[in-house]
Amino acid sequence: AVDGIARKIAGTAQYWRRSGGQPAVLAHALLLVEADPQQLCDQANRFEAALESGRSYHSRALTSVAQAWLAAHPGQTPPFDLSGTVKQRITAALIG
């Protein structure tokens, strides 16, 4: 949380089906590393408006790894290749 506001840094989605009587799931996660939440919300809101869905998204509800890093390390510069560092650490965690 920044300034007492919880922010979403990753999103997940699932799609469940039965295949041959067995449950199956397609799942994915999206991690915002160096994305601009305001730009993402503006684009998503234009899309939702074109669909006339009535949905809207608020950038204050999002953050990125870069923004979270800066909030946790005030006055410091983030690692040069933040995206590469995140990718390397996630890969290492998954491979073990």
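With respect to the conditions (1) surrounded by 10 or more Cβ atoms within 10 Å (Cβ to Cβ); (2) touching a Leu at 6+ places or on another chain (Cβ under 7 Å), residue 73 lacks only one, and its number is (2). Just to be sure before I move on: is residue 61 of a type outside the set (Phe, Trp, Tyr) and either surrounded by 13 or more Cβ atoms within 10 Å (Cβ to Cβ) or more than 17 Å from the chain's Cα centre (by Cα) (or both) in the structure I sent? Here the answer is no, as residue 61 does not meet what is asked. The set of residues from segment 32-52 being open to solvent by 50 Å² or more (accessible area, probe 1.4 Å) and either in a helix (DSSP H, G or I) or farther than 24 Å from residue 84 by Cα (or both) comprises 38, 39, 40, 42, 43, 46, 47, 49, 50, 51, 52.
The residues on offer are 92, 24, 68, and the sole one that is over 22 Å from residue 6 (Cα atoms) and either assigned to a helix (DSSP H, G or I) or open to solvent by 70 Å² or more (accessible area, probe 1.4 Å) (or both) is 92. Applying the condition of being open to solvent by less than 80 Å² (accessible area, probe 1.4 Å) and at pLDDT below 90 to segment 76-89 and asking which residue is nearest to residue 66 (Cα to Cα) yields 78.
The values are calculated or read from the model by the stated rules, or taken from the named source; none is laboratory data. None of these values were measured; they are calculated from a predicted model. When we count neighbours, we look across all protein chains shown, and the Cβ atoms used for this are built from the backbone with ideal geometry, even at glycine. To get the accessible areas, we keep the full protein, side chains included, count just its heavy atoms, and leave off ligands, DNA and RNA. Shrake-Rupley method; radii C 1.70, N 1.55, O 1.52, S 1.80 Å.
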